[in-house]
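The values are calculated or read from the model by the stated rules, or taken from the named source; none is laboratory data. All values reported here derive from a predicted model rather than from experimental measurement. Here Cβ is always computed from backbone atoms with ideal geometry, including for glycine, and neighbour counts include all displayed protein chains. Ligands, DNA and RNA are stripped out before the accessible areas are found, and what is left, the full protein with its side chains, is counted by its heavy atoms. Shrake-Rupley method; radii C 1.70, N 1.55, O 1.52, S 1.80 Å.
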Amino acid sequence: MKHTELREAFLGFFKSKGHTVVPSDSLVPADDPTLLFTSAGMNQFKEQFMGHIKGYHTATSCQKCFRTPDLENVGKTAYHHTFFEMLGNFSFGDYFKEKAIAWAWEFMKDVLKIPEDRLWASVYVEDDEAYDIWKDRIGLPDGRIVKLGQKENFWPSEARDKGPNGPCGPCSEIFYDYGQATGCGKKDCTPACDCGRFVEVWNLVFTQFERKEGGALDPLPNKNIDTGMGLERLCAVMQGVKSNFETDLFVPIVKAIEAEVPNTQDEAQAAYLYAIADHVRAASFAIRDGVTPSNEDRGYVIRNIIRKAALHGRNLGIDKPFLYKLVYTVAKVMEAAYPEIMKSHEDISQVILAEEERFAATLKDGLRLINETIAATKAKEEKAISGEVAFKLFDTHGMPLIIIKEIAETKGIGVEEEGFNRLMQVQREQSRKASKMHAAVFVDSGIHEKTEFIGYDKCRSKAKVLRILTPDGDDIEKADTKAGKVEIILDKSVFYGEAGGQAGDTGTLVAKGVDVEIKDAKKLQDAVILEGVVKQGELEKGAVVDTAIDEKRRLAIAKNHTATHLLQTALRDVLGGHVQQQGSSVMPDRLRFDFTHFKALTEDELDRAQEKVNQYIKEKHPVKTKEMGLDEAKKSGALAFFGDKYDQKVTVVSAGDFSNELCGGTHLKNTKEIGLFRIMREGSVASGIRRIEACTSDAALEWEKKYKELEKENEKALQKKEQNKKLMRAKLKDASKEAEGIIEKAKDISGTKLIIARLEGAEANFLMKINDTIKAGEKSFAAFLVSEGSGKVNLLLSVSNNLVEKGIHAGKIISGIAKLASGSGGGKPEMAMGGAKDTSKIGDMLKAAEDILTKEISS
């Protein structure tokens with residue numbers, strides 16, 4: 001069976017068992033501080049696993065996953081990957097072990113038609129319940145059921161002894177047996193042996209306990225099922241091959257890489273081909289989900305795997321960028337399940353090409369430095385490059401640790417990673433604090449209330465106070481003027497909680513004798529949390545209050561939000577359909593829009609985009625919102641932002657017949673209400689991502705006024721600069737006369753003229769003109785010229801050839817003199833220039849030059 005058929009068969013099977021088919025989540029987890037990347041099928045269901053059920057109790061999915069712990073093994077083994085797909089079925093307090101095992105067996109045996117004697121199962125050594133189900137309910141012989149310890153058959157692995165605390169449980173794995181001819185060849189070989197005969201295909205996790213401090217396991221009130229089956233491994237089994245890289249998921253990509261290799265390669269280099277195929281898949285999907293190469297967090301991971309793949313290419317003899325060419329093949333292979341990769345393949349290619357080119361430039365010097373470091377390490381008879389040296393190669397020369405290790409390994413030495421990581425931690429401490437990951441698998445915010453948002457059409461309403469909290473999250477029954485900042489949750493809210501890039505509302509809560517100023521509103525799960533300060537009286541939990549938002553501020557935000565939608569449409573029209581939103585910020589006074597594009601916009605492109613938005617405003621298009629199913633919205637062509645996670649019911653905002661986007665924010669009723677749109681600036685955010693900052697309405701008028709004032713100031717400055725240039729040109733014409741006057745005042749020392757002069761307001765080029773005149777008329781001379789121009793001191797020292805032959809060096813002399821005035825200088829023996837900051841020391845420099853040159857000439 002092909003990979004496309006296997007996906008459909010799995011999802012279809014569990015749909016027939018009453019499961020909701022849930023689309024794959026992004027590789028970038030939304031609102032999950034525990035994860036850098038989505039690494040398992042269960043990640044997007046954490047809320048359900050914690051008991052917060054959202055419409056369904058059973059689900060099935062094919063989840064894109066990204067993991068790096070086994071990066072060093074990718075390509076070297078048959079099954080390790082950075083990017084892979086996880087087939088899974090899930091139960092949130094519904095069915096448990098018996099159905100999970102029975103359905104897994106039914107799918108493997110009856111749907112996939114795998115011979116029963118090829119299938120084995122393992123269970124946790126203490127899980128008699130699972131063992132009995134396999135033996136008695138399924139009928140699997142004792143000899144094909146293996147009992148293993150908590151390292152192999154408990155989730156998280158070894159959690160019982162080592163933690164972390166939280167939900168956990170035993171698991172049961174299904175193995176495929178390649179037969180006695182594979183692996184160690186022993187008759188008593190079982191899945192406990194790692195010889196390669198048995199491959200784990202499916203893991204069924206029975207989340208039935210909560211681990212407490214000390215290792216105590218308390219039964220959970222609701223038991224859950226979390227299963228995961230790697231699509232790549234299943235493909236290998238079903239396509240009769242022993243390596244994932246020999247399946248239809250990888251063969252076309254491997255062939256495309258081989259086409260780039262200049263010479264026939266031997267089997268030993270297959271590992272490079274496989275690793276490249278894996279890495280280009282991973283990079284393609286991550287970039288599509290909004291991760292671009294950088295030196296921070298997710299971007300650093302993607303930069304590493306692209307550079308590692310490029311280095312593998314060099315080992316195969318490919319010395320030019322080539323990974324970007326493979327993206328189309330990846331997109332073609334995955335198109336049936338992930339059409340968005342094909343739609344974005346040109347953009348993805350550009351990001352990868354840019355990173356390949358950066359790496360090539362880095363390698364130019366980096367390889368030489370690494371090889372020198374390796375040679376020096378070997379000369380000292382040391383077995384590893386020190387962490388300090390490795391960190392310097394990274395920090396100063398841009399060589400990632402993974403590349404240093406790769407090259408060092410080929411030369412038979414290691415890298416002292418502990419020291420490197422220690423220094424890296426110190427350097428990145430601040431950024432890591434900002435993106436700190438939680439150690440626990442499940443993190444419960446403690447906010448389970450649901451606030452009904454009624455603010456699309458209302459600005460005022462009565463509401464009940466459900467909860468009052470301190471900023472630290474502690475519940476309090478009441479808050480008065482001494483309480484400071486508090487957080488308030490209402491049963492319903494006209495306040496929009498910050499989400500989707502739109503700023504939260506501000507306003508007031510009022511009751512008899514009570515006045516609360518609301519300074520911000522944020523959305524957390526299903527609740528809107530109001531951040532406020534009690535200005536009068538005492539607010540109590542359970543109180544009914546009159547709520548009101550700052551309507552003028554909300555209107556300004558709505559203008560900017562609707563304008564953001566118009567801007568995206570305009571940019572797609574001007575630049576092309578590759579433009580995709582990568583982030584936004586909608587505030588009362590401005591908007592920010594991040595989007596995919598690979599070079600700076602020209603002035604003409606910015607003007608055209610701005611003009612298009614203003615044209616939409618003038619045309620007075622109605623702005624409409626409509627609620628519909630997520631699938632229906634996508635089919636209608638509504639644009640979605642990669643970073644947002646959408647419910648099955650979504651709101652689509654349309655403007656006229658040209659803009660159609662999934663959006664839960666607040667908007668205007670008509671584009672004419674925006675009034676005016678102005679782009680303030682455009683720049684780069686990251687590789688392949690541009691940013692536009694703009695404003696609307698009154699803020700746009702104010703910005704336009706300031707912009708015109710600035711233009712006038714710039715025009716005056718240019719006029720003044722031009723006048724100065726004219727004066728300088730006139731002055732340069734008089735340089736010969738100026739030089740003659742200076743030469744007349746020169747001191748004669750044994751036939752050599754010593755010229756020491758200070759010129760007011762002269763630029764450096766005027767000094768050079770004076771020097772040219774001196775050189776043309778004098779055979780033996782030494783000239784030291786000083787001037788003040790454009791707020792700095794200019795220095796020039798020139799000597800004739802006969803003095804150079806005598807050993808006088810202008811560059812060395814001027815360097816010493818310039819230091820007297822906190823300056824610097826240097827040049828050739830015959831002529832040197834310098835600059836200084838301290839104008840009060842000009843006299844000292846003139847005196848020093850005269851003394852030094854007199855001595856040098858006379859000696």
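A 1.4 Å probe, protein heavy atoms only, puts the accessible area of Glu355 near 0 Å². 3J(HN,Hα) along segment 367-381: 4, 4, 5, 5, 5, 5, 5, 4, 4, 5, 5, 5, 4, 7, 6 Hz, from the Karplus curve 6.51 cos²θ - 1.76 cosθ + 1.60 with θ = phi - 60°, whole Hz, x for Gly and Pro. Charge tally for Ile674 (other residues, Cβ to Cβ under 12 Å; Lys, Arg +1; Asp, Glu -1): +3.
Take every Cα pair under 8 Å in segment 1-83 that's 6+ residues apart, average their separations, divide by the length, and report that relative contact order as a whole percent.
Numbers: 90 pairs, mean separation 24.8, N = 83.
After rounding, I find 30 percent.
Largest to smallest in accessible area, the residues Lys46, Lys2, Lys450, Lys512 fall in the order Lys512, Lys450, Lys2, Lys46 (1.4 Å probe, all protein chains included). Peptides 826-833, 695-702 ranked from most to least packed by the mean count of surrounding Cβ atoms within 10 Å: 695-702, 826-833.
Among the trypsin sites (Lys or Arg not before Pro) in segment 80-173, those placed in a DSSP loop whose Cβ has at most 11 other Cβ atoms within 10 Å are Lys113. Based on protein heavy atoms only, the chain ends up with 47 Å² per residue of surface accessible to a 1.4 Å probe.
Taking all protein chains in place and a 1.4 Å probe, what share, in percent, of the accessible surface of segment 648-713 do carbon and sulfur account for?
Numbers: 1520 of 3290 Å².
The computed percentage sits at 46.
Ignoring aspartates and glutamates fewer than eight residues from Lys46 along the same chain, the ones with Cα atoms less than 16 angstrom from its Cα are Asp25, Asp31, Asp32, Asp94, Glu210, Asp226, Asp444, Asp526, Asp647. Annotation: Leu353 carries an accessible surface of approximately 30 Å², with a 1.4 Å probe and no ligand, DNA or RNA atoms counted.
Judged by the mean number of other Cβ atoms found within 10 Å, the most tightly packed of the peptides 710-716, 614-620, 680-686, 793-799 leads the ranking 793-799, 614-620, 680-686, 710-716.
Rolling a 1.4 Å probe over the protein heavy atoms leaves Glu340 with an accessible area of roughly 50 Å². Protein-only accessible surface at a 1.4 angstrom probe places the residues Thr481, Thr77 in the order Thr481, Thr77, largest first. What is the Cα centroid distance between segment 658-690 and segment 27-103, reported in whole angstrom? Taking the Cα centre of segment 27-103 as reference, the centre of segment 658-690 is 35 Å away.
For the pair segment 594-615 and segment 335-378, the centres of their Cα atoms are 29 angstrom apart.
Between segment 190-205 and segment 491-556, the alpha-carbon centres lie 55 Å apart. Contact order for segment 670-778, expressed relative to its length and based on alpha carbon pairs under 8 Å spaced 6+ residues apart, stands at 17 percent. For the peptides 580-587, 226-233, 69-76, the ranking by mean Cβ contacts within 10 Å, running from highest to lowest, is 226-233, 580-587, 69-76. Here the contact order of the chain, divided by its residue count and restricted to Cα pairs under 8 Å and six or more residues apart, works out to 7 percent. For segment 510-571, carbon and sulfur atoms together expose 49% of the accessible surface, with a 1.4 angstrom probe and every protein chain in place. Here's how it looks for Leu639: its modeled amide H is under 5 Å from those of Asn660, Glu661, Leu662, which are all 5 or more places away or on a different chain.
Remark: segment 779-785, residue by residue, has Karplus-estimated 3J(HN,Hα) of 8, 10, 7, 9, 10, 10, 10 Hz, where x stands for each Gly or Pro and the curve is 6.51 cos²θ - 1.76 cosθ + 1.60 at θ = phi - 60°.
Calculate the dipole size of the chain relative to its Cα centre from +1 charges on Lys and Arg beta carbons and -1 charges on Asp and Glu beta carbons; express the result in debye to the nearest 20.
On the way: 124 positive and 132 negative charges, 546 e Å.
Around 2620 debye, computed over the chain.
Toward the positive end of the charge dipole of segment 599-660, about the Cα centre and with charges on Cβ (Lys, Arg +1; Asp, Glu -1), which of Leu639, Thr602, Asn614 goes farthest? So the residue we want is Leu639.
The accessible surface of segment 290-336, taken with every protein chain in place and a 1.4 Å probe, is 45 percent carbon and sulfur.
3J(HN,Hα) couplings calculated from phi for segment 660-666 with the Karplus curve 6.51 cos²θ - 1.76 cosθ + 1.60 (θ = phi - 60°) are, in sequence order, 8, 9, 6, 6, x, x, 9 Hz; Gly and Pro show x. For Ile454, the residues whose modelled amide H falls within less than 5 Å of its own, excluding neighbours fewer than 5 places apart on the same chain, are Ser493, Val494.
Would you list Thr839, Thr854 from the most to the least accessible area, probe 1.4 Å? Numbers along the way, then the final one.
Numbers: Thr839 65, Thr854 40 Å².
So, going from the largest accessible area down, we get Thr839, Thr854.
Each of Asn714, Gly149, Val799 was scored by the projection of its Cα onto the charge dipole of the chain, and the greatest displacement toward the positive side belongs to Val799; charges sit on the C-beta of Lys, Arg, Asp and Glu. Note on segment 560-658: with charges restricted to the Cβ of Lys and Arg (+1) and Asp and Glu (-1), its dipole about the Cα centre is near 220 debye.
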